[in-house]
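Bear in mind these aren't lab numbers, they're just calculated from the coordinates by the rules spelled out. This is a predicted model, so every value here is computed, not measured. Heads up, the Cβs are rebuilt from the backbone with ideal geometry, glycines too, and the neighbour counts pull from every protein chain shown.
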Amino acid sequence: MKFNFKYIAVAFLISGMVSAQKIDINKMPVAGPTPTINISQPKTFTLKNGLTVMVVENNKLPRVNATLSMDRPPYYEGNVAGVSQIMADQIGEGTAKMSKEAFNKRVDYLGASLNFSSGGAFANSLSKYFPEILGMMSDAIINPKFSAAEVEKSKERMIEGLKAEEKSADAIAARVSNAVTYGKNTSRGEFETEASIKAVTLADVQNTFNKHYAPDNAYLVVVGDVKFNDVKKLVEKNFSNWKKSNTKYAALEPAANVPVTEIDIVDVPTAVQSVISVGNLHDVKTNDPKYFATAIANYILGGGGEARLFMNLREKNAFTYGAYSSLSTSKYSPSFSAESSVRNEVTDKAVKEFMNELNAISNITPEELANAKAKLKGDFIRSLERPETIARFAVNTKTQNLPADFYTNYLKSIDRVTAADVSNAVKATIFPNKSRIFIAGKASEISESLEKMGYPVKYYDSQANPVAKPTAQKVDASITAASVAEKYIAAIGGLSNVQKVNFITTDAAAKVQGMDLNLKLIQGKGAKTFMDVKMMGNTVQKIVFDGKTGYMEAQGQKMPLPAEAAAEMALETELFPELTFAKSANYTVGGVEKYNGEDSYVVKGKNATYYYSTKTGLKTGEVKVQGGQSIPTSYSDYKEVAGVKMPYKFSQNMAGMDIDFTVNSYQINQATAADFK
């Protein structure tokens with residue numbers, strides 16, 4: 001007999017509905033009683049070199065975690081800023097006893113993980129392999145094999161990363177806001193540059209390691225299927241020879257909030273969104289009685305999809321995909337910040353809503369308080385399932401000067417918070433009248449409206465240097481969209497050659513997080529499009545459009561193109577949109593701006609903005625609006641193909657990530673109508 005699973009599933013659904021008829025689905029479930037939790041207290045010992053070791057025995061699974069962390073303040077790196085990251089890259093890349101290849105191969109063979117950072121290390125393995133993995137951790141720390149060749153490789157990777165970040169408004173915003181808040185030449189405000197990374201030598205790396213990667217004030221927490229006495233013997237055997245540094249750290253440079261709230265704008269000419277961050281410093285640490293009230297206040301304000309910022313900026317106003325806040329109570333940099341990325345045209349409106357919410361968070365409802373408590377308690381209970389959580393608790397208790405029962409009483413402490421407590425905590429941590437409103441975005445589009453908001457406005461460049469207000473260069477009245485298009489057509493080969501192009505086939509490649517991305521794009525007059533994007537040889541997206549209808553494939557699923565997408569694509573009938581500039585009043589010149597590093601004429605259309613080098617006439621980039629999203633693309637490295645110059649490098653921002661393509665080949669007029677079926 002053949003069973004019809006569809007109807008069986010429906011039967012279960014109906015029976016569930018019958019039994020649940022008396023439940024009000026619009027009412028938030030009432031939280032149950034606060035459970036009693038037991039957190040294992042570590043057994044502790046300290047080596048003569050200052051390394052404190054904490055052991056938590058947990059025999060539920062045959063695995064062990066070892067977490068090494070160093071309690072030290074931030075330190076100033078100066079003209080070799082970035083040296084700590086380069087140093088961290090070298091640790092674990094072989095030792096005096098073991099080559100890099102043999103070291104990594106052995107870790108993999110044991111099915112373990114062993115990672116290092118500038119402030120510690122982490123290891124995870126089966127308990128039977130833990131003695132060997134702990135030995136490898138100590139070998140990497142005590143006998144690191146630093147080499148000039150590997151340092152140069154790390155420098156090259158970091159410089160490539162910096163170049164990629166220069167296109168990222170998020171990265172620029174984070175860098176400049178830190179520098180302005182703490183001071184560009186301080187331990188908490190400095191940032192690496194291409195010059196500082198190039199200045200790093202092997203000696204700098206070794207010196208940084210010897211001074212700062214040391215057992216003084218370091219903590220090793222071992223959690224898992226172990227016995228305390230066994231761990232003690234292993235640690236004494238492996239780490240007793242780790243030498244103290246006796247480094248004396250300078251006091252942190254003073255930092256303060258602004259006297260009155262101000263707007264700090266960093267001009268990112270290519271930005272299609274404004275990255276907004278509203279923040280201030282405060283003095284509340286984790287051991288402060290107000291800690292739990294601050295955590296609740298932050299959750300209600302911006303802790304998730306149901307928080308006030310999210311509901312306002314996304315759900316109510318549709319300014320953004322998300323808006324959140326964070327409130328740090330760290331030992332060295334306690335601070336508050338609320339962030340989001342919004343469309344350029346609503347930047348001022350979004351700032352206004354941010355400030356409205358920050359001013360209103362002192363007053364919360366009983367429902368918000370109850371929901372926040374339930375969420376924070378649930379998160380805490382779930383976190384206890386991870387062994388690394390116990391390690392973090394153990395270190396925090398020591399380094400943050402917490403009461404011994406801080407985490408044991410964590411749930412009860414949340415329960416005790418009142419609405420009045422939250423209001424008092426907000427007054428001590430969130431200062432709407434003494435905040436810096438950092439905005440990284442296209443100044444020419446956002447500055448005028450922001451300057452009308454009543455706050456002082458300052459401008460900075462991407463290196464955190466104060467600058468004058470950026471202004472768009474005005475163009476002579478003789479420069480029109482038609483004349484810009486004419487210069488571009490002439491620059492790429494002339495009107496006659498351009499009009500002969502009916503089809504363009506592009507084969508390009510890129511790297512995305514180390515994986516190969518391949519693009520085959522066929523475009524034809526009449527809006528014909530074929531696009532096949534492959535990742536590691538497998539199609540991740542395919543779009544086929546014959547000018548009227550088409551389909552798309554993703555993850556093995558094929559479906560018709562949505563009507564809205566098809567309508568947008570059908571508008572692009574020319575391979576070179578510049579051929580239409582003189583025929584339509586929709587295109588206007590909006591001045592001169594920097595794009596892709598070049599002064600460029602800005603030609604604005606209905607759903608796209610185009611940029612053309614004032615010097616060469618070549619297109620430097622474009623920003624198209626598709627599906628309500630702005631997609632920026634930059635072009636460079638033009639070479640002649642069948643009488644027409646084509647860009648052999650282009651970079652496109654996809655989902656906030658810049659993907660740099662290199663064209664392997666172009667084919668002109670080699671496609672047919674069959675390619676779009």
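Key figures
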| quantity | calculated |
| --- | --- |
| Cβ-Cβ FRET estimate between TYR249 and ARG416, R0 fixed at 60 Å, reported to 0.05 | 0.95 |
| Reach of LYS198 by Cα under 19 Å, taken over aspartates and glutamates that are not fewer than 8 positions away in the same chain | GLU77, ASP89, GLU150, GLU152, GLU156, GLU160, GLU165, GLU166, GLU190 |
| More than 18 angstrom apart: percent of Cα pairs within segment 338-397 | 62 percent |
| Of LYS285/LYS427; LYS184/LYS331; LYS500/LYS542, pairs whose Cα-Cα distance is over 23 Å | LYS500/LYS542 |
| Computed label-point distance, nm, for sites LEU61 and GLN670 using a 7 Å Cα→Cβ extension | 5.2 nm |
| MRE, 222 nm, helices only [DSSP H, n ≥ 4, -39500 (n - 2.57), over the chain, to nearest 500] | -9500 deg cm²/dmol |
| Candidates per trypsin sites (Lys or Arg not before Pro) in segment 489-530, loop by DSSP, up to 13 other Cβ within 10 Å | LYS500 |
| Of LYS474/LYS583; LYS474/LYS639; LYS558/LYS583, pairs whose Cα-Cα distance is over 26 Å | LYS474/LYS639; LYS558/LYS583 |
| Residues GLU166 and ASN356, FRET efficiency given R0 of 45 Å [Cβ-Cβ distance, rounded to 0.05] | 0.85 |
| Nearby lysines by direct alpha-carbon distance to LYS167 (threshold 20 angstrom, same-chain neighbours under 8 apart not counted) | LYS155, LYS442, LYS511, LYS594, LYS619, LYS624, LYS649 |
| Length added when fully stretched, LYS583-GLU132, from 0.36 nm per residue minus Cα-Cα | 154.9 nm |
| Aspartates and glutamates whose Cα lies under 12 Å from that of LYS227, excluding same-chain neighbours fewer than 8 positions away | GLU57 |
| Relative frequency of Cα-Cα separations exceeding 20 Å in segment 481-676, percent | 58 percent |
| Rounded tilt (10° steps) of 202-212 against the dominant C-alpha axis of the chain | 40 degrees |
| Using alpha-carbon coordinates, inclination of helix 419-429 to the longest axis of the chain, degrees | 70 degrees |
| Where trypsin sites (Lys or Arg not before Pro) fall in DSSP loop in segment 357-448, at most 16 other Cβ within 10 Å | ARG416 |
| Spin-label model distance (nm) - GLU553 vs LYS434, 7 Å beyond Cα toward Cβ | 6.1 nm |
| For segment 634-664 versus segment 256-313, the gap between their alpha-carbon centres in whole angstrom | 38 Å |
| Of the GluC sites (Glu not before Pro) in segment 299-406, those whose Cβ has at most 12 other Cβ within 10 Å and which sit in DSSP loop | GLU385 |
| For segment 630-677, alpha-carbon Rg and Dmax in angstrom | 13.5, 35 |
| Which labelled figure in [x] 52.1; [y] 57.0; [z] 38.1 is mean projected area of the Cα convex hull in nm², once derived from the coordinates | [z] |
| Distance cut-off 21 Å, percentage of C-alpha pairs in segment 182-291 lying past it | 68 percent |
| Pair ASN185, ASN363: separation of 7 Å Cα→Cβ label points (nm) | 4.8 nm |
| Potential lengthening between LYS458 and ASN143 on full extension [0.36 nm per residue; Cα-Cα distance subtracted] | 108.5 nm |
| Using alpha-carbon coordinates, inclination of helix 169-182 to the longest axis of the chain, degrees | 50 degrees |
